[in-house]
Amino acid sequence: MILYCVPSTGIHGGIKVAYQFVDLLGRAGACAAVATPDGRASGWFRSLAPVVRRDAALARLADDDIVMFSLPHDYDELRASGRRLVFHCQGTDPLIDPILRDPDVLVLTCWEEAATYVRAVAGREPVEVGIAVADAFHYRGEEKDALATLAMPRRGREIARGLAASEPRLALVEVDGLDECEVAALMRRAGVYLATAEDEWFGLPALEAMAAGCLVFSVPVRGGMEYLVDGVTCHVGSIGHLEQQIARLLDPAWADHWRAMRHAAMARALGYRLDAQLPRVRALVERLGPPARRPLRTPAATR
Amino acid sequence: MRLLVAIPSRGLDGLLAICLDHARRALDSLDGRAEGRIVVVDNASEVPYVAADHPLADHLLRFDAHRSFSEACNAAAATVPSDLLLFLNNDVLLHERALGGMLDVLADPLVAIVGARLIFPEGTIQHCGVVFDERGPYHDRWGERTRIVPRIARDLQCVTGAAMLVRTTVWSELGGFDEAYPYGFEDVDLCLRSRQLGYRITCAQDVDSIHFQSTTPGRHAFEHASLAVFQERWAGRFAVDSDPRGIRA
């Protein structure tokens, strides 16, 4: 059994990635569940993952069952449980450094910069399992409003407003508190996405927007540079650089550039489909061995 | 492999006889893959069933006072030893090849529960899997023409107890249907509990069986009480895997 511990049901990318990973583990033939502190499930994205209460499930694990986590704050408690730990590295906050240096913890990485970070900090080779964009985000031929411009305001709200103002015809929509399907539907109909979280560890929304056929304008980030290729799949750079590009958005002379960029972005995002990630997850399940394919013991069996 | 078919039933003698006929033919078509025995639970029919009227049933249990669907199924499951349990409503007419398709899916040892694709007599989907939105479970593709609904088996959180094949080992591990449910949602509860242990659930989609749905008199009287039990136990504790607005993930 693989128990993936998450801290809450809140709207945070890491939570969604955890459920998505448990779904993939199931498709790869593993027995896996999400464990939350109170047994409640997140409802803001689509998933098939079973959800269990963390303390009760931990108590029922066999010695060689597997506990996954991605929040560094969980490390001490989970290590004390004595189970096999797997760290799903979704960011590169220095708080994770002790985990990366623990030889008893298997480290998985979602993206290239994280793998590089693991090698630099701990001198070890992580298991690269990749990351995926939910199918809902991939463009399906909807009519797009070229002026509709989306941004997620929790980080970089003023940057988004400033960038949108550099082309007054753009209509900025600040996206927050919506469920995944609603966000995906908006992205598939919008023309532009502004990624404004500076130094983001890993900005999944920019990749989702690329899948949805948006033109992406991104401030520099730490993670995600493998798909954010300036001038090819998006524009990424300083505010001034982005303003300069946005000013050309509606210039007919640049229409071919934008069309080519949109297509390149969608093509790049296709490499991040769930089906594309599945072989890596299958290999992980193989590596984890029989305990990954063994159901959780029932209380009766535990006795 | 020993397959026990459990059919709780109340009244509707004629329908039960046709249900038994279809179930027996589905068992016979397995060509030795499983040895089937059929248990009918007479759940306080006004006129008790007579064994001679239902020769296709191997066992006949009788409750003089009406009990819940869960109690009837649990009693049937305990009648004779089995490896697999098929719970079948008396208004389901199994397609001859339905059981074979369900057994095929069980080749994966982690699949613990398999549902059947069920249609209404007019050819629309009654059941091809149960999905969940924020409010709770509902039948996926309900009422759509069966010919336009894909026949690809996929993982599900739940299938209907109207025609549900369960590994007896997992059934025993879970303690059977929870008898706190008066009538309804005990199947959803069982499925969710089995998935929490890591087991998989799917629905065999290759053939259509007929389900008239909710034909037992008085059945709806208990649904609200069952829903209340379900909400108390599971509200907010299941993943959301579909969207009734049609924005499918």
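When each of A:Val232, A:Val173, A:Val236 is tested for being touching a residue at least 12 places away in the same chain (Cβ under 8 Å), touching a Pro at 6+ places or on another chain (Cβ under 7 Å) and of a type in the set (A, V, I, L, M), the lone residue that passes is A:Val236.
For the stretch A:262-283, filtering for residues that are crowded, with 16+ Cβ neighbours inside 10 Å and more than 18 Å from the chain's Cα centre (by Cα) leaves 3.
The residues of the stretch B:49-78 that are modelled with pLDDT of 95 or more and of a type in the set (S, T, N, Q), listed by number, are B:Ser70, B:Asn74.
Selection of the stretch A:11-29 for residues being without any contact (Cβ under 8 Å) to a residue 60 or more places away in the chain and either touching a His at 6+ places or on another chain (Cβ under 6 Å) or within 16 Å of A:Gly91 (Cβ to Cβ) (or both) yields A:His12, A:Ile15.
With respect to (1) at pLDDT 90 or above; (2) over 16 Å from A:Met266 (Cβ atoms); (3) surrounded by fewer than 22 Cβ atoms within 10 Å (Cβ to Cβ), the lone exception for A:Val183 is condition (3). With respect to (1) within 14 Å of chain B (Cβ to nearest Cβ); (2) farther than 21 Å from A:Gly130 by Cα, the lone exception for A:Gly82 is condition (1).
Being closer than 21 Å to B:Thr168 by Cβ and either in contact with a Gly (Cβ under 9 Å, 6 or more places away or on another chain) or among the aliphatic types (A, V, I, L, M) (or both) is a property that does not hold for B:Ile18.
Taking (1) within 14 Å of another protein chain (Cβ to nearest Cβ); (2) of a type outside the set (S, T, N, Q); (3) touching a residue at least 60 places away in the same chain (Cβ under 8 Å) in turn, A:Pro290 satisfies each apart from (3). Taking the conditions (1) surrounded by fewer than 17 Cβ atoms within 10 Å (Cβ to Cβ); (2) assigned to a loop (DSSP other than H, G, I, E, B); (3) in contact (Cβ under 8 Å) with a residue 24 or more places away in the chain in turn, A:Asp63 satisfies each one other than (3).
Can you confirm whether A:Thr9 is within 14 Å of chain B (Cβ to nearest Cβ), polar (S, T, N, Q) and not in a helix (DSSP H, G or I)? Yes, satisfied. Scan the stretch A:120-133 and give yes if some residue there is aliphatic (A, V, I, L, M), under 28 Å from A:Gly213 (Cβ atoms), over 15 Å from the mean Cα position of the chain (by Cα) and surrounded by 22 or more Cβ atoms within 10 Å (Cβ to Cβ), otherwise no. No, every residue in the stretch A:120-133 fails to be aliphatic (A, V, I, L, M), under 28 Å from A:Gly213 (Cβ atoms), over 15 Å from the mean Cα position of the chain (by Cα) and surrounded by 22 or more Cβ atoms within 10 Å (Cβ to Cβ).
Where helices (runs of 4 or more DSSP H) fall entirely within the stretch A:145-254, those with at least 3 residues that are of a type in the set (Gly, Ala, Ser) are at A:157-165, A:204-211.
Looking at the stretch B:23-100, the strands (runs of 3 or more DSSP E) lying wholly inside it that each contain 2 or more residues that are in contact with a strand residue (DSSP E or B) (Cβ under 9 Å, 6 or more places away or on another chain) and crowded, with 22+ Cβ neighbours inside 10 Å sit at B:35-43, B:84-88. One residue stands out among those in the stretch B:186-210 that are within 13 Å of chain A (Cβ to nearest Cβ) and in a strand (DSSP E or B): the one that is nearest to A:Pro291 (Cα to Cα), which is B:Arg200.
Based on this model, can you work out whether B:Thr169 counts as at pLDDT 95 or above, within 12 Å of chain A (Cβ to nearest Cβ) and in a strand (DSSP E or B)? Here the answer is no, as B:Thr169 does not meet what is asked.
Name every residue in the stretch B:118-165 that is assigned to a strand (DSSP E or B), closer than 19 Å to B:Leu103 by Cα and within 14 Å of chain A (Cβ to nearest Cβ), in order of residue number. B:Asp155, B:Cys158, listed by residue number. Would you tally the residues in the stretch A:165-177 being surrounded by 14 or more Cβ atoms within 10 Å (Cβ to Cβ) and under 17 Å from A:Asp251 (Cβ atoms)? The total comes to 3. Taking the stretch B:219-249 as the range and being surrounded by fewer than 16 Cβ atoms within 10 Å (Cβ to Cβ), within 14 Å of chain A (Cβ to nearest Cβ) and at pLDDT below 80 as the test, the residues that pass are B:Pro244, B:Arg245, B:Gly246, B:Arg248. Candidates are the residues of the stretch A:15-59 that are surrounded by fewer than 18 Cβ atoms within 10 Å (Cβ to Cβ) and more than 8 Å from chain B (Cβ to nearest Cβ); the one that is nearest to the chain's Cα centre (by Cα) is A:Pro37. For the stretch B:21-79, which residues satisfy the criterion of being of a type in the set (A, V, I, L, M, F, W, C) and free of Cβ contacts under 8 Å to residues at least 12 places away in the same chain? Answer for the stretch B:21-79, where residues must be of a type in the set (A, V, I, L, M, F, W, C) and free of Cβ contacts under 8 Å to residues at least 12 places away in the same chain: B:Val50, B:Ala51, B:Ala52, B:Ala78.
Identify all residues within the stretch A:107-134 that are in contact (Cβ under 8 Å) with a residue 24 or more places away in the chain, part of a strand (DSSP E or B) and of a type in the set (A, V, I, L, M, F, W, C); write none if there are none. Passing the criteria: A:Leu108, A:Val127, A:Val133.
The values are calculated or read from the model by the stated rules, or taken from the named source; none is laboratory data. Nothing here was measured: the structure is a model prediction, and the numbers come from that model. Positions of Cβ are backbone-derived with ideal geometry, glycine not excepted, and every protein chain shown enters the neighbour counts.
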